[in-house]
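FYI, it's all coordinate maths here, none of it is from the lab. What you see is a predicted model; the values in this text were computed from it and never measured. So basically every Cβ, Gly included, is an ideal-geometry build from the backbone, and we count neighbours across all protein chains shown.
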Amino acid sequence: MPNAADRFDVQALRAIEARATHRLGDGFELMQRAGQSAWQELLKRWPDAMPITVVCGPGNNGGDGYELARLARQSGREVRVVRAIGHDPIAEQARRAEHGYREAGGAIIGFAGELEGPGVIVDAILGIGLSRAPDALVTALVDAVNRAGRPVLALDVPTGVDADTGATPGVAVRADACLEFIAPKAGLRTGASVDCVGALSIASLGVAAADFEGVDPVAIALCADVLHAAWPPRSRSSHKGVHGRVACIGGDHGHGGAIMLAAEAALRCGAGLVDVVTRPAHVAALLARCPEAMVRGADAVSDGEPRLIERAGAIALGPGLGQDEWGRSWFGCVIDSDRPCVIDADALKLLALTGAPAPAGSVLTPHPGEAATLLDSTTADIQRDRLGAARALATRYQAAVVLKGAGTVVAAPGHTPRLLEAGNPGMAVGGMGDLLTGAIASLRAQGLDAFEAASTGALLHALAGDSAAADGGPRGLLPSDLLPWMRRLANEGNGVWS
């Protein structure tokens, strides 16, 4: 079987399903297993559901729905199967499932514009394979499901969601739960899909390990249990000089807090030494809050001891940097130094504007708007295919990339992208990205390569956000609330020292 963290696209899943069908000798066996698994999932989540409304489409996803409806009816539940005119089953297996449901005494109701009454709704309209906006009939069904105000179980994929990209080209079902079949889909974990899937669970349908042979995942999940995989323990004889030196450069007038947060995150994630270059006006406040940082005020590059750049194991460039002469001067100085950088915020805009190459071993941390600028695209284009956009950024800039947002994607040349399955809406506040920049720079300076530093830093940041949100709620969450959790989580798991 695949690794539990593997995430697949539709092409891979169709290949796996075809192999399983060939091995079993009858594809209807998989459909029956899907219906049985869906029925058990519905009972687990809503044991007293009555009636059950199953909305079926014409393909195999509809067939899964007919199987669930047949089992529900045989158990004595009141079941309503609803389908739109013209949505009679067209797939052979779906026709068999519909026939079985009718033989069990089930009736089919023509869709009349609304889904009335209480109970649970099962979305079995389309399933995988959607790559364009649903047609008018499907749109009407989806709208009715969403208007009904009842719990919704989606089978395999909520209708209207692109299982490869996570985009919703038109309307999409907003499910309370989604039961995926065979294996997890990458697109259900990033972009607009995260507002549609509800609680995700998997039914493998008994597919054999041999059916996965030679089929590669398109992404790997980043979950809490891998946080310390690339993070070496400290030796007892260690000292500050062996745990990395980070230079944090930014904080133009009015933006001193950004570079302060980056510096604090770098320290909390274990950097031995942290230098900060910022405007002189910010030095006193930064030292008052974080006396551990070595802060220099500089109104020009020549005032800021450029030698500290040469000493740095990694540079956090961009938080509060600005795009005026001060920011451009420091940007050019750092890029020309060829030191590994974590490039964020205004530095990303300057990177796109100047066309300068990112120094070898660097990490870019754009949000979708910044990614669009870097790729000469639009934010909507980035969100339509976040995995593809992250890969394109990594290729164009030959750097590791953290594409932030719901379902953060980490990509780098020569690596399978990683999907962050942590984080919460409370983290949508100014300053969170500055913490991330500092965290990744700290890990980069401590010896992790760019891809591992990007992955581990992004995961630590998201998990700290989840822990902080659990302790008081997501609304009103501040970046500084994450700092104690970043330290705590950095020290959990593997041994702190060897």
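Odds and ends about this structure:
- Derived scalar couplings ³J(HN,Hα) [the stretch 162-178; Karplus, 6.51 cos²θ - 1.76 cosθ + 1.60; whole Hz; x for Gly, Pro]: 7, 5, 8, 10, x, 7, 10, x, x, 6, 8, 5, 9, 7, 8, 8, 9
- 20 Å Cα-Cα reach of Lys44 towards aspartates and glutamates, excluding residues that sit fewer than 8 places from it in its own chain: Asp64, Glu67, Glu78, Asp123, Asp156, Asp176, Glu180
- Computed on the Cα trace of the stretch 6-215, the radius of gyration divided by the Kirkwood hydrodynamic radius gives Rg/Rh = 0.94.
- When His461, His415, His99 are sorted by how many other C-beta atoms sit within 10 angstrom of their C-beta, beginning with the fewest, the order is His99, His415, His461.
- Each 5 Å bin from zero holds the following percent of Cα-Cα pairs in the stretch 253-353: 2, 13, 26, 28, 22, 7, 1, 0.
- Among Ile16, Ile249, a tally of other beta-carbon atoms within 10 Å of each Cβ gives an order, fewest to most, of Ile16, Ile249.
- Summing +1 for each Lys or Arg and -1 for each Asp or Glu among the other residues whose beta-carbon sits under 10 angstrom from that of Tyr66 gives +2.
- With a Förster radius of 30 Å applied to the beta-carbon distance between Met50 and His99, the computed FRET efficiency rounds to 0.75.
- For the stretch 115-243, the Kirkwood hydrodynamic radius from C-alpha pairs, put into Stokes-Einstein at 25 °C and a viscosity of 0.890 mPa s, yields a diffusion coefficient of 145 µm² per second.
- Nearest 10 degrees, 0 to 90: helix 92-103 Cα axis against the chain principal axis: 50
- By the count of neighbouring beta-carbon atoms within 10 Å, fewest first, Ile90, Ile259, Ile335 end up ordered Ile90, Ile335, Ile259.
- 0 to 90° range, to nearest 10: angle between helix 479-490 axis and the chain longest Cα axis: 80
- Acute angle (nearest 10 degrees) that the helix 10-24 long axis makes with the longest principal axis of the chain, alpha-carbon atoms: 40
- For the stretch 417-498, chymotrypsin sites (Phe, Trp or Tyr not before Pro) are listed when DSSP marks them as loop and at most 16 other Cβ atoms sit within 10 Å of their Cβ; the list is empty.
- Percent of alpha-carbon pairs separated by more than 18 Å within the stretch 186-293: 69
- Stretchable slack from Ala136 to Ala4, in nm (0.36 nm times residue separation minus alpha-carbon distance): 43.8 nm
- Antiparallel bridge percentage (DSSP; both residues within the chain; nearest 5): 15
- 3J(HN,Hα) from dihedral phi, the stretch 336-349, Karplus parametrisation 6.51/-1.76/1.60, rounded to Hz, x for glycine, proline: 5, 6, 6, 7, x, 10, 10, 9, 9, 6, 4, 5, 5, 5
- If R0 is 35 Å, the Cβ-Cβ spacing of Ile85 and Glu213 corresponds to a FRET efficiency of close to 0.20.
- Residue-count net charge about Ser204 - beta-carbon cut-off 15 Å; Lys, Arg +1, Asp, Glu -1: -3
- Under 20 Å from the Cα of Lys404 - lysines, other chains or at least 8 residues apart: Lys185, Lys349
- Spin-label pair Glu114-Ser480: with each label point 7 Å from Cα along the Cα-Cβ axis, the two points sit 5.3 nm from one another.
- Only DSSP H runs of four or more residues enter the estimate; each adds -39500 (n - 2.57), and after division by the residues of the chain the mean residue ellipticity at 222 nm equals -12000 deg cm²/dmol.
- DSSP beta bridges confined to the stretch 6-215 are antiparallel in about 0 percent of cases.
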